[in-house]
Amino acid sequence: MSRSVVTAIGVVSFAVGSLAAASKGATIQTFPVSFVLTSATCSNLPSGTALTGSGTEKSITTTGTDRNGVVTVRNSTHAHGTASDQDGNTYVFNYSVAYRATLDGGVYSGFISDAFTLAGSGPARLNNGFVGDFVSDFSTFFRAPNVISSHGDPLDFVTGDVHCDPL
């Protein structure tokens, strides 16, 4: 499973656990993020490119139970920061993911929108993301059984391997 999917699952697992203890209001988390992305995995980078990035991510999660007992989790996460390549060129990146999921039999299913962009003084430029339906237990697996649209080769939707979306 990819690092980005594992990271997202870990963040969401923590958030969902926190929300179970405090079902009113939002859980807001801010933490550092980092990544290494190379042309070996991301075909949209110039050959020989290695990007190293770091920044801050903020995640806001709410959960609620409706009058029929249906549990819904909503999350909006945004990260931004800087990156550099092997030649010392500098870049800025932005990452956003938002989802809404309902719980049924220990499994969450819902809609997700994910985007990652990177631009700067060097030759690397990225603009990728996807929208679709997903299924997860938020602790051991994540899959996107229905990708509605995808651009920029963010990841392998079968294996979860990172391509051009490192967060």
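Coordinate-derived values only; no laboratory data. Note that the structure is predicted; figures quoted are calculated from it, not measured. Cβ atoms come from the backbone with ideal geometry, glycine included; neighbour counts cover every protein chain shown.
What's the local net charge at VAL131, with K and R +1, D and E -1, over the other residues with C-beta under 14 Å away?
It works out to a net charge of -2.
Jot down the radius of gyration and Dmax of the range 86-167, Cα atoms only, both in angstrom.
Cα only, the range 86-167: 14.8, 50 Å (Rg, Dmax).
Taking θ = phi - 60°, what integer Hz values does the Karplus form 6.51 cos²θ - 1.76 cosθ + 1.60 yield along the range 108-116, in sequence order, with x for Gly and Pro?
Once rounded to whole Hz, the list reads 8, 9, x, 10, 9, 10, 9, 8, 9.
If I stretch the segment between ASP153 and THR52 completely, what's the gain in nm (0.36 nm per residue apart, minus their alpha carbon distance), one decimal?
Between ASP153 and THR52, full extension yields 34.5 nm more.
Taking other Cβ within 10 Å of each residue's Cβ, how do HIS151, HIS78 sort, fewest first? Provide the component values of the computation, followed by the final result.
Working: HIS151 12, HIS78 15.
Ranked by crowding around the Cβ, least crowded first: HIS151, HIS78.
For a quick check, take a GNM of the chain with Cα springs below 10 Å and name the residue from VAL107, VAL97, VAL73 with the largest mean-square fluctuation.
In this elastic network of the chain, the residue with the biggest mean-square fluctuation among VAL107, VAL97, VAL73 is VAL107.
Consider all pairwise Cα distances in the chain and report the whole-number % of them above 22 Å.
Percentage above 22 Å: 43.
Under 5 Å between amide H atoms, partner at least 5 residues away or on a different chain: which partners does HIS163 have, H built in plane at 1.01 Å?
LEU155, ASP156
Around ASP66, under 14 Å between beta carbons, what's the net of Lys plus Arg minus Asp minus Glu among the other residues?
Details: positive: ARG67, ARG74, ARG100; negative: ASP104.
Overall, the nearby charge balance is +2.
Based on other C-beta atoms within 10 Å, arrange PHE111, PHE31, PHE116 from fewest to most.
On the way: PHE111 14, PHE31 11, PHE116 24.
Going from sparsest to densest Cβ surroundings: PHE31, PHE111, PHE116.
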